[in-house]
Ligand code: G1P
């Protein structure tokens with residue numbers, strides 16, 4: 001099973017990041033050197049993905065533009081000898097083959113993924129959520145693809161989260177298969193107290209088979225009155241094998257201000273240019289106390 005296609009839902013309003021997201025898609029907010037979405041696309045490409053469908057909405061055409069060439073700007077940068085800037089401007093468009101479709105109606109994550117049916121065709125495919133940036137030695141999506149290939153199964157990226165955080169995620173019922181890999185047998189979106197199956201929550205990465213589309217087409221609205229991907233996965237795991245991969249690596253939720261700040265600080269601290277300055281600044285602040 002070769003996974004060459006990825007779907008990135010990027011149709012949300014970004015309400016936790018208003019007012020900036022009134023006119024700038026949250027996926028393009030600048031985070032320690034590049035837009036959030038570029039980290040996610042780089043992970044996909046490093047995992048072997050070649051074709052990427054981004055599901056957008058009204059007011060998000062800036063995303064299409066970002067993954068296109070910009071001859072006027074590139075010409076100016078070339079003429080003034082700014083080679084590094086020129087490469088940075090041109091590089092995103094060359095990372096993969098990009099496709100775009102609009103969700104048109106805000107009906108939930110499952111509904112958004114359903115829009116990928118024509119693009120996906122008859123192959124297994126990856127889904128990467130646009131808010132979740134992963135830092136890992138082996139790309140997190142690659143970890144999922146390897147498990148999906150080994151078990152001839154769909155795969156969910158999971159990690160354990162604290163009891164009081166579970167209601168923000170989906171909780172998965174798991175049976176151990178080998179270290180870090182489980183069979184997924186049930187799941188619930190945004191569990192209320194007492195409803196969770198385990199502390200393993202799905203965190204923004206999936207490898208799915210096209211069987212999901214027929215399920216989505218027949219799905220009733222779930223949590224929040226929306227078509228939930230988790231509800232479709234619950235049905236999929238009853239029809240075909242599905243594994244949950246407790247992936248190695250760190251996840252940053254850039255869809256909320258604290259998670260965004262955490263990722264900004266962490267990546268800036270690791271960067272050769274900004275790292276030493278940030279360390280000195282933090283030290284100076286600490287000494288002032
Ligand atoms: C979505 C999914 C949820 C998942 C979470 C984190 O929720 O619906 O199952 O656990 O992302 O990846 P959202 O953050 O959009 O509310």
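Below, the figures for the structure above:
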| item | result |
| --- | --- |
| Total residues in the range 209-228, condition at positive phi and either within 13 Å of the ligand (Cβ to nearest atom) or under 21 Å from the mean Cα position of the chain (by Cα) (or both) | 1 |
| Index of the failed condition, residue 157 passing every other in (1) more than 21 Å from residue 44 (Cα to Cα); (2) within 14 Å of the ligand (Cβ to nearest atom) | (1) |
| Residues that are touching a helix residue (DSSP H, G or I) at 6+ places or on another chain (Cβ under 7 Å), under 17 Å from residue 37 (Cβ atoms) and away from the ligand (no atom under 12 Å from the Cβ), drawn from the range 112-142 | 126, 139, 141 |
| Members of the range 5-39 that are exposed (fewer than 15 other Cβ atoms within 10 Å of the Cβ) and either in a strand (DSSP E or B) or at pLDDT 95 or above (or both) | 30 |
| Flag for residue 58 being in contact with a helix residue (DSSP H, G or I) (Cβ under 9 Å, 6 or more places away or on another chain) and within 20 Å of residue 28 (Cβ to Cβ) | no |
| Tabulated pairs, the range 105-119, first free of Cβ contacts under 8 Å to residues at least 12 places away in the same chain, second crowded, with 23+ Cβ neighbours inside 10 Å and assigned to a helix (DSSP H, G or I), C-beta under 9 angstrom, 6+ apart or interchain | 105/111 |
| So residue 52, is it within 19 Å of residue 139 (Cα to Cα), in contact (Cβ under 8 Å) with a residue 12 or more places away in the chain and part of a strand (DSSP E or B) | yes |
| Search result, residues across the range 140-168 that are in contact with a strand residue (DSSP E or B) (Cβ under 7 Å, 6 or more places away or on another chain), within 10 Å of residue 199 (Cβ to Cβ) and surrounded by fewer than 23 Cβ atoms within 10 Å (Cβ to Cβ) | 159, 160, 161 |
| Of the criteria (1) within 16 Å of the ligand (Cβ to nearest atom); (2) in contact (Cβ under 8 Å) with a residue 40 or more places away in the chain; (3) in a helix (DSSP H, G or I), which one residue 42 fails | (1) |
| Residue in the range 238-247 that is without any contact (Cβ under 8 Å) to a residue 60 or more places away in the chain and crowded, with 19+ Cβ neighbours inside 10 Å present | no |
| The range 228-257: number of residues that are modelled with pLDDT of 95 or more and either within 30 Å of residue 278 (Cβ to Cβ) or assigned to a loop (DSSP other than H, G, I, E, B) (or both) | 9 |
| Filtered residues of the range 170-208 (kept if more than 12 Å from the ligand (Cβ to nearest atom), touching a residue at least 12 places away in the same chain (Cβ under 8 Å) and closer than 15 Å to residue 153 by Cα) | 174, 177, 181, 182, 183, 184, 185, 186, 207, 208 |
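The values are calculated or read from the model by the stated rules, or taken from the named source; none is laboratory data. Quick caveat: nothing in here was measured; it's all calculated off a predicted structure. Cβ: placed from backbone, ideal geometry, glycine included. Neighbour counts: every protein chain shown.
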